[in-house]
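Take a look at the structure below.
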Amino acid sequence: MKKLFLYLFFITTIFAQSSIAQTKDCFEGLNRSVFSFNKGLDDAVFKPIAKGYSYLPEAMKLGVRNVTSNISYTVTIPNHLLQGNFKNFATDSGRFIINSTLGILGIFDPAARIGLKKIEHEDYGQTLGVWGIGTGCYIMLPILGPSTTRDAVGKVANTLLDPFYMVTVGDKSMLGNNFGDTTYYLEQGFDTIDFRSQNLKSFESLEKNSIDLYASVKSLYLQRRESLIGNASSSKDEWKDFK
């Protein structure tokens with residue numbers, strides 16, 4: 001794990017320079033304060049929950065992961081179209097339809113068995129980047145973590161333009177005030193916990209080996225977003241789910 005971390009950090013240091021140079025940390029003092037708040041919240045709440053969650057049976061965790069991944073296609077599919085990735089648009093549309101029906105709301109992944117392999121998710125922040133819009137300033141959001149001004153705008157669109165959000169929180173008549181809100185926020189919560197659980201060792205290694213954890217997280221985030229916009233991410237990338 002240590003060798004892997006050093007390799008990742010070396011690669012990040014080299015290839016993230018263009019992102020770091022172009023993306024100014026305009027609010028570094030405030031960002032570091034928010035980062036400290038997020039770190040404290042993670043240590044007190046998210047990390048312990050994630051550790052408990054990690055002891056659940058693998059089949060159960062895989063089912064949760066499949067469901068949240070399937071729901072995320074409601075954002076990914078339109079962004080494939082907006083970016084002109086018509087092949088990926090067709091593949092993920094097929095995956096969503098098959099897994100939502102034959103896969104029982106996405107619990108199972110029969111689409112992969114017929115050759116529709118899972119590919120990288122897309123979001124509105126990536127689409128803005130593909131369209132040539134600059135990153136703007138680097139910002140650290142409370143609870144949500146690292147972002148840029150461009151990606152922050154994308155995060156708003158990821159929510160407000162998400163059909164899943166529209167039919168749960170947005171459309172009160174469809175599922176009812178309480179059930180709709182609960183459904184959406186439970187899905188978001190499980191997605192966050194599952195992500196944190198999958199990366200327990202990676203984050204611990206990052207924290208242990210970083211001289212400046214804030215700077216390391218910033219570098220990894222910017223490099224990760226740059227690779228996503230260029231569709232250069234690899235399935236072997238340990239940080240492929242770094243958000």
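Would you please name the residue that is farthest from the chain's Cα centre (by Cα), looking only at residues in region 190-202 that are under 10 Å from PHE46 (Cβ atoms) and buried (at least 17 other Cβ atoms within 10 Å of the Cβ)? Per the criteria, the residue is SER197.
PHE46 falls short on exactly one of the conditions (1) aromatic (Phe, Trp, Tyr); (2) farther than 26 Å from LYS155 by Cβ; (3) in a helix (DSSP H, G or I), and that condition is (2). Scanning region 204-243 for residues that are farther than 20 Å from THR148 by Cα and modelled with pLDDT of 90 or more turns up GLU204, SER205, LEU206, GLU207, LYS208, ASN209, SER210, ILE211. Among the criteria (1) over 17 Å from the mean Cα position of the chain (by Cα); (2) farther than 18 Å from THR159 by Cα, the one ASN66 does not fulfil is (1). The set of residues in region 46-55 that are surrounded by 13 or more Cβ atoms within 10 Å (Cβ to Cβ), over 18 Å from the mean Cα position of the chain (by Cα) and not aromatic (Phe, Trp, Tyr) comprises ILE49, SER54.
Can we say GLY84 is surrounded by fewer than 19 Cβ atoms within 10 Å (Cβ to Cβ), assigned to a helix (DSSP H, G or I) and over 16 Å from the mean Cα position of the chain (by Cα)? It is false that GLY84 is surrounded by fewer than 19 Cβ atoms within 10 Å (Cβ to Cβ), assigned to a helix (DSSP H, G or I) and over 16 Å from the mean Cα position of the chain (by Cα). Note on region 153-168: residues that are within 16 Å of the chain's Cα centre (by Cα) and crowded, with 16+ Cβ neighbours inside 10 Å amount to 7. Answer yes or no as to whether ASN70 is on the phi < 0 side of the Ramachandran plot, touching an Asp or Glu at 6+ places or on another chain (Cβ under 8 Å) and in contact (Cβ under 8 Å) with a residue 12 or more places away in the chain. No: the conditions fail for ASN70.
The number of residues in region 124-145 being under 19 Å from SER227 (Cα atoms) and assigned to a loop (DSSP other than H, G, I, E, B) comes to 7.
Checking region 113-133 against the condition returns a match, with at least one residue being closer than 30 Å to LYS87 by Cα, surrounded by fewer than 18 Cβ atoms within 10 Å (Cβ to Cβ) and among the small types (Gly, Ala, Ser). In the condition set (1) modelled with pLDDT of 95 or more; (2) more than 20 Å from the chain's Cα centre (by Cα); (3) of a type in the set (A, V, I, L, M, F, W, C); (4) not in a helix (DSSP H, G or I), LEU105 is compliant with all but (1).
If the condition is being touching a residue at least 12 places away in the same chain (Cβ under 8 Å), surrounded by fewer than 16 Cβ atoms within 10 Å (Cβ to Cβ) and on the phi < 0 side of the Ramachandran plot, then region 137-151 contributes LEU141, PRO142.
The values are calculated or read from the model by the stated rules, or taken from the named source; none is laboratory data. Since the model is a prediction, treat every value here as computed from it, not as a measurement. Because the Cβ atoms are built from the backbone with ideal geometry, glycine has one as well, and the counts that use them run over all protein chains shown.
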